[in-house]
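The values are calculated or read from the model by the stated rules, or taken from the named source; none is laboratory data. Just so you know, these numbers come straight off a predicted model, no measurement behind them. Note that each Cβ is placed from the backbone with ideal geometry, even for glycine, and that neighbours are counted across all protein chains shown. Ligands, DNA and RNA are stripped out before the accessible areas are found, and what is left, the full protein with its side chains, is counted by its heavy atoms. Shrake-Rupley method; radii C 1.70, N 1.55, O 1.52, S 1.80 Å.
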Amino acid sequence: AQSVTQLGSHVSVSEGALVLLRCNYSSSVPPYLFWYVQYPNQGLQLLLKYTTGATLVKGINGFEAEFKKSETSFHLTKPSAHMSDAAEYFCAVSSYNQGGKLIFGQGTELSVKP
Amino acid sequence: NAGVTQTPKFQVLKTGQSMTLQCAQDMNHEYMSWYRQDPGMGLRLIHYSVGAGITDQGEVPNGYNVSRSTTEDFPLRLLSAAPSQTSVYFCASSYSRDAGNTIYFGEGSWLTVV
């Protein structure tokens, strides 16, 4: 079975500071990993995904994530937070044998202070 | 581009009532699914479909029914609403069930059962 754990249900950073949202996964087969962002009262938007190949993945809005197999992690980072980054972020896992089914983490709410 | 469209956006039901959440996509996607989002639990898969006429259960299917008579539409039926079904519901679609495909989400339907 696959699972995802996001460390910290709420993260607060100052504008301009580094954003680090943590995600660890469990999977018995090679994982496909995703980060989604949800703005208030809206649907989920894909930030980035890892399927195969380069382990450092760049996404939209300046976010990136690195797949580390040895640590079973896929942490999301952004060098400099912007007020518009305030949202909820979800890490999700799938695999080649799971079709389009995603297993989501609990979510991390990011607050950005001026 | 409309993408994935869900209706209604907000609904209040009384316990025991039935209703249908509508979902339509205009991207000619084969794969469609329904998730529910509850605080602290991320999103959980209710039902999914890999094509017209084919549906299957996800992680939390009890109390819900689906059908897929066309490629575009994937309605979710609540047969006899219960307070435990108070949640935010998201419809999603992707080109195929290939796990590496991007999954697109609708804007969500907020359901309250009293």
Counting only other chains, and only Cβ atoms inside 10 Å, what mean value do you get across the residues of B:16-26?
0
Let me confirm one metric for peptide B:100-107, namely the mean number of other chain beta-carbon atoms within 10 Å of its residues' beta-carbons.
6
Collect residues whose amide H, placed 1.01 Å from N in the peptide plane, falls under 5 Å from the amide H of B:Gln17; neighbours closer than 5 in sequence don't count.
B:Ala81
Relative contact order of chain A, pairs being alpha-carbon contacts under 8 Å that are 6 or more residues apart, as %
38
May I ask which residue of A:Ser80, A:Leu33, A:Cys23 lies farthest towards the positive end of the charge dipole of chain A, with charges of +1 (Lys, Arg) and -1 (Asp, Glu) on Cβ and the Cα centre as origin?
A:Leu33
B:Ala82-B:Ser69 pseudo-label distance in nm [points 7 Å out on the Cα-to-Cβ vector]
2.8
Radius ratio Rg over Rh of chain B, counting only Cα atoms, Kirkwood formula for Rh
0.95
What FRET efficiency do you get for A:Tyr39 and B:Val114 if R0 is 22 Å and r is their Cβ-Cβ distance, rounded to the nearest 0.05?
0.20
Have a look at B:Asp98, B:Asp26, B:Asp38 and tell me which one the Gaussian network model of chain B (Cα, springs below 10 Å) gives the largest fluctuation.
B:Asp98
Computed E for A:Thr52/B:Asp26 - FRET, C-beta separation, R0 45 angstrom, nearest 0.05:
0.90
Starting from 0 in steps of 10 Å, tell me what percent of the Cα-Cα pairs of region A:69-114 lands in each bin.
22, 40, 28, 10, 0
Per residue, how much accessible surface does chain B expose to a 1.4 Å probe? Answer in Å², no decimals.
46
Enter the mean number of other protein chain beta carbons within 10 Å of the beta carbon of each residue in A:92-104, as an integer.
6
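Where in chain B lies the longest segment free of trypsin sites (Lys or Arg not before Pro) that are both loop residues by DSSP (not H, G, I, E, B) and have at most 14 other Cβ atoms within 10 Å? Display every interim value, and only then the final one.
Working: sites that count: B:Lys9, B:Lys14.
The answer is B:15-114.
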What dipole magnitude, in Debye to the nearest 20, does chain A give about its Cα centre under +1 on Lys/Arg Cβ and -1 on Asp/Glu Cβ?
240
Name the GluC sites (Glu not before Pro) in region A:31-107 that are in a loop by DSSP and that have at most 13 other C-beta atoms within 10 Å, would you?
A:Glu71
I want to verify a result. In a Gaussian network model of chain A, Cα cutoff 10 Å, which of these has the top mean-square fluctuation: A:Gly16, A:Gly62, A:Gly99?
A:Gly99
Please work out the FRET efficiency for the pair B:Ile54 and A:Ser84, using the Cβ-Cβ distance as r and a Förster radius of 41 Å; give the result to the nearest 0.05.
0.55
Dimensionless Rg over Rh [the protein assembly as shown; C-alpha; Kirkwood]:
0.97
So what J values fall out for region A:97-107 if you push phi through Karplus, 6.51 cos²θ - 1.76 cosθ + 1.60 with θ = phi - 60°, rounded to Hz, Gly and Pro as x?
9, 10, x, x, 7, 10, 9, 9, x, 6, x
Regression test value, accessible area per residue of chain A, probe 1.4 Å, units Å², expected 46
For chain B, set up a Gaussian network in which alpha carbons nearer than 10 Å are linked by springs, and say which option among B:Leu21, B:Leu76, B:Leu43 fluctuates the most.
B:Leu43
Quick one: with all protein chains in place, what share of the accessible area of chain A is carbon or sulfur, to the nearest percent (1.4 Å probe)?
51
Spatially close lysines, pair count over the protein assembly as shown: Cα under 25 Å, gap of eight or more or interchain
16
With just the Cα atoms of region A:35-114, tell me how far they stretch along each of the three principal axes, in Å, largest first.
42, 26, 19
